[in-house]
Amino acid sequence: MARRAIIIDTDPGQDDAVAILLALASDELEVLGVTAVAGNVPVALTERNARIVCELAGRPDIPVFAGCDRPIARPLVTAEHVHGKTGLDGPALPDPVMALQTAHGVDFIIDTLRTRAPGTVTLCPLGPLTNIATAFTRAPDIVPRVQEVVLMGGAYFEVGNITPAAEFNIFVDPEAAQIVFRSGAPITVMPLDVTHKALTTHARVEAFRAMGTEVGRMVAEWTDFFERFDKEKYGSQGAPLHDPCVIAYLIRPELFTGRHINVEIEVASELTRGMTVADWWRVSGRAPNAMFMGDIDAEGFFALLTERLARL
Ligand code: RIB
Ligand code: CA
């Protein structure tokens, strides 16, 4: 079976970490590289965290690159209040041993898309879209070569998590998001409308712990830490596992349902900056530019996640 080649662009973040582990545990996917971006925590930490996660998966061979250290046109906003000071708070973690690649993450994205056959590389942004937008701007020739952009970000019915109007990844770099959504590349969106239905309930976290593996223990302790914010804010039964939804879609797309609609990004208003204006009811007349997911088979998602993580 041909493995699907992907680049994971990420700001670990406990949920990013679980997404990376899921990708590395799945034979359907070939992770060409991991590019870190400033988001949940500064890029010096997100690149470090990405290397820690690859080593936890037993994959120090995965090339990890540092990408952009701030949004295209705004100061960086981080989320230590959710993810802790390190970005991976929860369990004690070893320092990474594997080296960071010397190339910049944006150059890796451009070079990979230029050398691989057109339509054979999928980009999986799990954080702000700064690296992707910078690559598209610097090398417009790579856009038609992208197989698909499958990203975690945005919200419609669920509205915002960092402001009343905006989801964090899009809020941090709305200009980057506008570039990506207007690029013409095929885009699939995993918004809060979906990820807030993928909650790490007590039973699901205990299933991670019951694996009896280092990975299972780490994931359980990450979710124990990470869920505080959402449980307090939403009174929910656990944390939304946002980023693994992107990887699960690549493995079992039938777990998700959505609509091909127009999505525009608010960049002008300070009140609603970063809002994904998703034309779910198709009233705008604007051309569809994204497959915007609206629902998830949460039981199926966690069954897949637990089965795959147990392989590591
Ligand atoms: O809003 C949730 C998103 O912001 C997730 O990707 C989380 O890791 C943070 O990056
Ligand atoms: Ca993330």
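Among residues of region 97-140 being buried (at least 17 other Cβ atoms within 10 Å of the Cβ) and small (Gly, Ala, Ser), the one that is nearest to Asp243 (Cα to Cα) is Gly127. In region 6-37, which residues are under 14 Å from Arg51 (Cα atoms), within 15 Å of ligand 2 (Cβ to nearest atom) and not in a strand (DSSP E or B)? Result: Asp11, Pro12, Gly13, Gln14, Asp16, Ala17, Val18, Ala19, Ile20, Leu21, Val37. Among the residues making up region 10-52, those that are of a type in the set (D, E, K, R) and more than 11 Å from ligand 1 (Cβ to nearest atom) are Asp27, Glu28, Glu30, Glu47, Arg48, Arg51. Residue-level analysis places Glu55 outside the set of residues that are surrounded by fewer than 24 Cβ atoms within 10 Å (Cβ to Cβ), farther than 29 Å from Pro140 by Cα and within 15 Å of ligand 2 (Cβ to nearest atom). Of all the listed residues (Gly84, Gly58, Gly67), the sole one being on the phi > 0 side of the Ramachandran plot and within 15 Å of ligand 1 (Cβ to nearest atom) is Gly84. For region 76-153, the helices (runs of 4 or more DSSP H) that sit wholly inside it and include 3 or more residues that are within 21 Å of the chain's Cα centre (by Cα) and modelled with pLDDT under 95 are 80-83. The C-beta contact set for region 63-85 (first residue within 20 Å of Phe229 (Cα to Cα), second residue at pLDDT below 95, distance under 6 angstrom, 6+ apart or interchain) comprises Val82/Phe229. For Glu227, the criteria (1) surrounded by fewer than 21 Cβ atoms within 10 Å (Cβ to Cβ); (2) among the acidic types (Asp, Glu); (3) modelled with pLDDT under 95 hold in every case but one, which is (1).
Of all residue pairs spaced 6 or more apart or on separate chains, those with beta-carbon atoms under 7 Å, a first member in region 3-14 that is closer than 15 Å to Ala135 by Cβ and a second member that is of a type in the set (Asp, Glu) and within 8 Å of ligand 1 (Cβ to nearest atom) are Thr10/Asp16. Scanning region 39-71 for residues that are among the small types (Gly, Ala, Ser), under 14 Å from Gly105 (Cα atoms) and part of a loop (DSSP other than H, G, I, E, B) yields one hit, Gly67. No other residue among Ala44, Ala36 is more than 21 Å from Pro253 (Cα to Cα), aliphatic (A, V, I, L, M) and surrounded by fewer than 24 Cβ atoms within 10 Å (Cβ to Cβ) apart from Ala44.
The values are calculated or read from the model by the stated rules, or taken from the named source; none is laboratory data. Just so you know, these numbers come straight off a predicted model, no measurement behind them. Cβ: placed from backbone, ideal geometry, glycine included. Neighbour counts: every protein chain shown.
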